[in-house]
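The values are calculated or read from the model by the stated rules, or taken from the named source; none is laboratory data. Quick caveat: nothing in here was measured; it's all calculated off a predicted structure. All Cβ positions, even for glycine, are placed from backbone atoms using ideal geometry, and neighbour counts span all protein chains on display.
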Amino acid sequence: MCGIAGIYRYGEGVAPGEGEVIPALLAMAHRGPDATGAGRFGRAVLGNCRLAIIDLEGGVQPMSAPGGGALTFNGEIHDYREHRERLSAAGVVFRTASDTEVLLALLDREGIDALARVHGIFAFAHIAAHSGALTLARDPFGAKPLLYAVDPARGEIRFASELAGLLALCGDAPRIDRCALAERVAFQFPQGDRTLIEGVRMIPPGHALTVGADGVVSIRPYLEVSFAPEEGRSAEEWAEELQDELRRAVREALRADVPVGLTLSGGIDSTLVAALAAEEAGPGLPAFTGYFLEGPAYDERQYARVAAREIGLDLIEVPITPDDLLRNIRRLAVALEGPMAGPGSLPQLVTDARAGEQVTVILTGHGADETFGGYARHRLAWLADRDALDPDALPDGLKAYRPLALHLLADDGARGSEDRFFRLVHRGVDLDPIVGPELADALGRFDARAAFARAFAGVSRDPFHRMVSYERRHLLPALLHVEDRVGMAHSIESRVPLLSPRIVSLAARIPPEIAFGGELKRILKRAARGVAPDALIDRRDKMGFPVPLGLWAAGPLRDRLLTLLRDGPLVSARILDEGAPQRLLDGAGGHGRHLWFFLVLSEWMAATGVRL
């Protein structure tokens, strides 16, 4: 795990110097407190701030190979030992025991296509040995970040792991991308590669950007999941194959030369990862679970305790209080680079702070919901597609979603599975009473339905496959963005073994009736039998780590949150109406998504000086 940054100058003039990248590395020092380095390689300068995980002494970056290319790399290649063995048999001589050198050798010998055969979490910049071209790439599902900006006037492209690092390279006063802001308000996560800053883009997950001396920038996917259901196999056969792949993925994700721990939420995903990790590493692994003091609706420790006891984990319980929000909201807003997803980032930040005192690597259960269908909206949409959704007779596990079911079935012209799923993910409703004229204008220019249609298109004709594909390509990267930023705020590397490309590709081959069939994560639960405790597999009341923001906004934090919103930049920038702070607090029941969004936006703009 590291922070990377660099400049590639394809235009006329002197190549950039090493000193030009140092401000970016200093701005991202939390990502790599163990070492900082920079080097010139032809037209490029590459920089790296390193969090040492594998080969603590030998994996220094940026790294170059004799007669080969150069690399600055963020993340881990989990199956590097297998690739190293194959490359060694082909005559490659390695100088270190690092996964960085293995990735460099793969890129030098096999190019970007090698990434389709790699299991890991990564973002990197590679300079080709012969052409001197720059390649920027991200892992298939977006676990590790990489941002870039092209400056045609200066003939260069700049890149960094985080926005703070990239802005340190650019020097210009940052301005908000109004279209991106409207998109973020409407969905709370990006539908494409836009960031909230004008001129700054994300490398899409599973893609590589290449630019050479001619300055032509090209972006292409190197891995695309193909949905091709295979008939003729039983559910048990699919579950056995999935269980084998799960074991392999967790075994590889445990590789590290530093202490490793787990997150444990009380749900099947993190419990399954924990159980497989304990099989491999033995009992006593530390597992961290966060909880709120506001009662059972916000506390799943009873399930985490069952899992820890049966698996043999050392459970560390971390309380999250209203004071944690006040202490961390500005830091969190800056780390997240503005609003991204919901308020679940707060308990993650507090829990990771405790974990960082004990471990450097954390294994999480992220990715299962977006791969195997784990959200209530998947089940609602499944029932609606079959004309079997009755808001007054919802099955167990869905009764709390009656308002969402009514919204889904409202007769206002929406037809078909795509229209219904748009209703389930679109958050840009009920905003008229709070938005100011600047945001109202941006929202008026933004066609949320068309943006969703572009993001939802393709991949498969099957409605279930289209749902999980959309969420894996758009929602999941946003959740992994949060996971990366809050973990790296405490110099923790978060690993996501359930997002092994082998597992995701396997899931795409399982017929939807076997993989899901109207039951959340049906095939994953079947694969978990005999590994994870039955009490966790059979749960029907799993919560999504709800945050009592509405309770806090109505009680102990009301005055402080009102002051933050009133004194912040949103009203003066005409993003919010003058009466919006009061209205946001008055309507903050439930998860308080709009309140959270504008609170984070306000604190981010105030801390960074970003403006419209």
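Here are some conditions: (1) over 23 Å from residue 481 (Cβ atoms); (2) in a strand (DSSP E or B). Residue 97 meets all but one. Which one does it not meet? Tallying (1) over 23 Å from residue 481 (Cβ atoms); (2) in a strand (DSSP E or B), residue 97 fails exactly one: (2).
Exactly one residue out of 276, 285 is surrounded by 21 or more Cβ atoms within 10 Å (Cβ to Cβ), touching a residue at least 24 places away in the same chain (Cβ under 8 Å) and out of contact with any Asp or Glu (no Cβ under 8 Å at 6 or more places or on another chain): that is 276.
Scanning the stretch 146-157 for residues that are farther than 13 Å from residue 203 by Cβ and buried (at least 20 other Cβ atoms within 10 Å of the Cβ) yields a single hit, 156. Of the candidates 415, 330, 377, the single residue that is under 25 Å from the mean Cα position of the chain (by Cα), outside the structural domain of residue 51 (by TED's automatic domain parsing) and at pLDDT below 95 is 377.
Within the stretch 231-238, the presence of a residue that is more than 27 Å from residue 574 (Cβ to Cβ) and surrounded by 22 or more Cβ atoms within 10 Å (Cβ to Cβ) is excluded.
Yes/no per residue for (1) surrounded by 19 or more Cβ atoms within 10 Å (Cβ to Cβ); (2) more than 28 Å from the chain's Cα centre (by Cα):
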residue	(1), (2)
66	no, yes
81	no, no
99	yes, no
110	no, no
117	no, no
138	yes, no
144	yes, no
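Evaluate the following for residue 65: is it under 30 Å from residue 10 (Cα atoms), hydrophobic (A, V, I, L, M, F, W, C), in contact (Cβ under 8 Å) with a residue 40 or more places away in the chain and not assigned by TED's automatic domain parsing to the domain that holds residue 484? Quick ask: steps written out before the conclusion?
Numbers: under 30 Å from residue 10 (Cα atoms): yes; hydrophobic (A, V, I, L, M, F, W, C): yes; in contact (Cβ under 8 Å) with a residue 40 or more places away in the chain: yes; not assigned by TED's automatic domain parsing to the domain that holds residue 484: yes.
Criteria met by residue 65.
The residues of the stretch 521-535 that are buried (at least 23 other Cβ atoms within 10 Å of the Cβ) and part of a loop (DSSP other than H, G, I, E, B), listed by number, are 521, 532.
Which of the residues spanning the stretch 471-481 are over 23 Å from residue 252 (Cα atoms) and either touching a Gly at 6+ places or on another chain (Cβ under 9 Å) or buried (at least 23 other Cβ atoms within 10 Å of the Cβ) (or both)? Spell out how you get there, then give the answer.
Here is the first cut: in the stretch 471-481, the ones over 23 Å from residue 252 (Cα atoms) are 471, 473-475, 478.
Hits for the stretch 471-481 are 471, 473, 474, 478.
For the stretch 295-304, state whether one or more residues are polar (S, T, N, Q) and more than 23 Å from residue 523 (Cβ to Cβ). Yes: the stretch 295-304 contains one or more residues that are polar (S, T, N, Q) and more than 23 Å from residue 523 (Cβ to Cβ).
Quick check on the stretch 575-591. Is at least one of its residues crowded, with 16+ Cβ neighbours inside 10 Å, among the aliphatic types (A, V, I, L, M), touching a His at 6+ places or on another chain (Cβ under 9 Å) and assigned to a loop (DSSP other than H, G, I, E, B)? Yes: one or more hits.
Here the stretch 11-23 is the region considered, the condition is being within 19 Å of residue 124 (Cβ to Cβ) and out of contact with any Phe, Trp or Tyr (no Cβ under 9 Å at 6 or more places or on another chain), and the residue that is surrounded by the fewest Cβ atoms within 10 Å (Cβ to Cβ) is 18.
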